[in-house]
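One structure is given below, encoded as structure tokens.
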Amino acid sequence: MDLDLEERQVAPVLELREVRKAFGGAQALAGVDFTLLPGEVHAVVGMNGAGKSTLVEMICGSFAPDSGDILIDGERQASLTPRRAHAAGVSIVHQKRTLVDGLTVAENLLLGRLPTRAGRVLWKRVRQEAARALDGLGIDIAPDAVAGALGPAEQTLVEIAREVDLGGRVLVLDEPTASLGGRDAQRIHRLVRTLRDRGTAIVYISHHLDEVLDLADRITVMRDGRVATVVRSAELDLPALIRAMVGDRLVHERSGTSRSPGKPVLELAGLSGGRLHAFDLTVRAGEVVAVLGPAGDGQCELFRLLTGLRRAESGRVTVNDAEVAPGNVGASLAAGLRCITGDRLSYGLVPALSVNENLDLVRRGRRRPWLVRWRDIHAQGRQARQRYGVTTLQVDPPVSTLSGGNQQKVLLSAWLDGDPVACLLEEPTNGVDVAAKADIHRIVDDLADRGAAVLLSSSDVDEVVRLADRVVVVRSGRIVADLPMDRVTRDDLVTLTAGGEQT
Amino acid sequence: MTALTALKGQARLALPPGVSRHAGLLTVLLAIGTVTALKSDAFLTGSNLLNVSQQIAVVAVLAAGLTLLMTAGGIDFSLGAIAALAHGVVAQLIVAGFNEWTAVGLALALGAAIGLVNGLVVTLLKVVPFVATLATSTILGGAALLVIDGKSISIGEHLVSLGFGEVAGAVPALVVIAMVVCVAAGLVLRWTAFGRNAFAIGGNENAARLAGIPVVRTKLLLYTLGGLLAALGGVMLVARLGAASPGTGGLHLELTVVAAVVIGGTALHGGSGTLVGTVLGVVLLGVVANSLNLLQINAHYQDVALGTVLLIAAITNHLRGGSH
């Protein structure tokens, strides 16, 4: 027994030694050691830019290190390519899902290696093999289902199953639960534990630190291109983990002062559309009201309904007692309603345009000038960047080159221009590092303090606790609770969203 | 290729970004010019260069409109057919006794109206631009032949001042028109909200719409402008040739225009584009055609050359896009 254990300890399935990598002049990895044992869940955490993604891409062979060694099963890999890494059993499941939407789950699982006889696909065997692969991992998804019709969690599960079926022994999961709610995330966690018990080594990347503490056996904390610490997850708690990630920087907690909301500003009455049913809500001036629900639940409809991208099936929206014409983007903006997307690259920013021009986008949309005054745009851009703490290396780079946190600040700055009356913030810290998160939380606080009615749509309990004065919990598109923040605890909210009753 | 990229790298240090972006294109243009000049004495003569500039003037006018449209993520395959129709309409109106400038005005209005229809089909009926304009292109190609009844129709001495006139005693009127159109389009793209909105729409239509940018109106205006400029190209064609005839304009002109814009670096999926690039693309195609002529290479090679240049340009654009 002892010998067995010892053998396991000295035989890591993957090892990185003193790996360095620079891009241009910037040192992305400055000498990193990393050891992955079979049958462990090894989380890698760190703020944006800490070097997590570079590390992961290197493990998968996408980048070659400038110096240092990568060993798989103790063998030094001279020139690792994605194909070689894959052949050696190292697979990655990216945050962006890569299933072919139009094909069935079974076809996706066996993509590129469908069993054939004389060129004819053996469909019966396809289904059998797929069902076997899914059952073996305890995944409850029909092989005949079309991949595009699956929810995001199920798509991730199928992708993981595919990589495991291909013989993956080292599995890199890049933010597998990033946009998932509690119950969906738990399905992923269950699968991760199953795989660990079967001896698969798992590198787990996540921004959700609770999840990391709960799931991982060991945690590597990265900071500024180095390994800040490697610890067993049992040996530290959330504050300690955050301290390790942030270093000397401060972590901001909720400000103690409570706000005194003014008159009702934003009112939703019987609003129905998509997954949202007869939704009633009032947000008063200077108040932050959170709509919390499992990811993908009713709160996600709010953005489309309030922006006017989608026409409500029934119900109405009023801002300062004036009804906002439904399904009309212009009317929504004119009413003083600002809706800030949680998917900044799809609905918020124009990636190829410069930071300053993106900062000017909403202002231009509102004021409709004839000419563009670049000098003014740059001057206002500088001010906005200073105010919102957007840092860039170049003078005015395309917004696509910024880190997630900076992009999010550009988004907020652009859309909150000119003191909005009411705004909807959808997952405002999605894919953002801890420091940027604190900045963004302060921006939201400031917004409410200046008298805006703030509606927060979120699936992140911690964020709701940090920001909201009042919380409305939705499940299956219906309100299950509407509580002032000082009367609920974090645990209550977790229970409510996970489907239990409030205790 | 390696020499080319190396040169680009150097140029980026020295030249302003507007020029360095097109350093590769400029180099190719200079290389072809040098080779042709060395092999043929006729190339660098004033009359030849004037000739080339007049040939490319029509392409430049159409390409200017298409650059704006493609920057906004649109595409119009009917521009060549609009030009063909407009040139036939002008000829028939003049033959029917209309004042020549009235005829021109009517043709321009027709072009703008067709562009507007294209825009309406694309924006309100939400047909994919490629298919919508391919359909109108086919319709208009037929209509252009119907208008002139498949025959050559002479306009006699009408529109001579446009086709053969000169400004300041040296520069052909057609070239002046093309320059004015291109400079204006360049300024629009850089300095007007309309132009910047085209970039925003091409770069991310959802974000642009949510920001309150008038997406539908901008697109309608872009298609209308494209149609108007295509008709202007048709007017220039008939003025230059002195007659409307089958085979003028149409698909071949269209492909040359699209090729010039793509060679100039405008992204097919929208979001980026410059008029400087487009003009360089137009000039490059004109010079290539001219040098094949001067070097007495079989005329059938012209299309081969056009396609090859387009392919190389598309590949380099892709590689450049990938390096970001």
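The values are calculated or read from the model by the stated rules, or taken from the named source; none is laboratory data. Predicted, not measured: the structure shown is a model, and the values here were computed from it. With ideal geometry, Cβ positions are generated from the backbone for all residues, glycine too; neighbour counts draw on all protein chains shown. With ligands, DNA and RNA removed, areas are computed over all heavy atoms of the protein, side chains included. Shrake-Rupley method; radii C 1.70, N 1.55, O 1.52, S 1.80 Å.
Grab the other residues whose beta carbon is less than 12 angstrom from that of residue A:153, score K and R as +1, D and E as -1, and report the net. Could the numbers behind the result be given before it?
Working: positive: A:97, A:183, A:187, A:190; negative: A:140, A:154, A:159, A:184.
Result for the neighbourhood of residue A:153: 0.
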note = Once B:79, B:145 are ranked on solvent-accessible area with the largest value leading and a 1.4 Å probe, the list reads B:145, B:79
key: Extension gain, residue B:41 back to residue B:149 (0.36 nm per residue minus Cα-Cα distance, nm)   = 34.6 nm
query = So what's the stretch B:229-324 giving for Rg/Rh, alpha carbon basis, Kirkwood Rh from the mean inverse pair distance?
reply = 1.02
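Which of the helices in chain B, when you take each full DSSP H run, stretch at least 27 Å along the axis at their Cα atoms and have an average Kyte-Doolittle score of 1.0 or higher?
In chain B, the long hydrophobic H runs are B:46-71, B:100-123, B:215-241, B:275-294.
Compute the Rg to Rh ratio over the stretch B:52-156 from the alpha carbon atoms, using the Kirkwood formula for Rh, and round to two decimal places. Intermediate results must be reported in sequence, preceding the final value.
Details: Rg = 14.6 Å, Rh = 14.6 Å.
Checking Rg against Rh, the ratio lands at 1.00.
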message = To make sure I understand the rule: partners must be aspartates and glutamates, Cα under 14 Å from the Cα of residue A:21, and not fewer than 8 residues away in the same chain. Which ones qualify?
response = A:33, A:57, A:66, A:69, A:224
query = Leaving out same-chain residues fewer than 8 places away, which lysines sit with a Cα under 23 Å from that of residue A:96?
reply = A:52, A:409, A:437
Share of Cα-Cα pairs in the stretch A:274-371 lying beyond 23 Å, as whole percent = 33
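Kindly state, to the nearest 0.05, the FRET efficiency for residue A:229 paired with residue A:313, given R0 = 41 Å and r defined as their beta-carbon distance.
Step by step, r from the Cβ atoms, then E = 0.20.
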Percentage of interatomic Cα-Cα distances in the stretch A:32-88 larger than 14 Å = 58
message = Using helices alone, I'd like the mean residue ellipticity at 222 nm for the protein assembly as shown: each DSSP H run of four-plus residues gives -39500 (n - 2.57), total over residue count, nearest 500.
response = -16000 deg cm²/dmol
Largest-first principal axis extents of the Cα set of the protein assembly as shown (Å) = 100, 68, 58
task = Report the relative contact order of the stretch B:50-323, percent, no decimals, based on alpha-carbon pairs under 8 angstrom and at least 6 residues apart.
result = 35
message = Please state the shape class of chain B: rounded when a/c is under 1.5, otherwise prolate if a/b exceeds b/c and oblate if not, all from the C-alpha gyration tensor.
response = oblate
query = What residues have an amide H closer than 5 Å to that of residue A:227, excluding those fewer than 5 places away on the same chain, when H is modeled at 1.01 Å from N in the peptide plane?
reply = A:33
request  = Take the stretch A:39-150, drop everything but the C-alpha atoms, weight them equally and run the Debye formula without solvent; then report log10 I(q)/I(0) at 0.17, 0.20 Å⁻¹ to two decimals.
outcome  = -1.00, -1.12
request  = Calculate the length of the line joining the C-alpha centroid of the stretch A:413-431 to that of the stretch B:74-122, in whole Å.
outcome  = 47
inquiry  = Give the aspartates and glutamates whose C-alpha is closer than 12 Å to that of residue A:263, dropping any in the same chain fewer than 8 places away, or say none.
reply    = A:287, A:321
query = What net charge is computed for the residues neighbouring residue A:455, neighbours being all others with C-beta under 10 Å from the C-beta of residue A:455, Lys and Arg scored +1, Asp and Glu -1?
reply = -2
message = Please report the antiparallel percentage of the DSSP beta bridges confined to chain A, to the nearest 5.
response = 55
For the stretch A:383-498, alpha-carbon Rg over 2.2 N^0.38 Å = 1.17
remark   = extent check for the stretch A:264-498: Cα max minus min per principal axis, descending, whole Å, gives 50, 37, 28
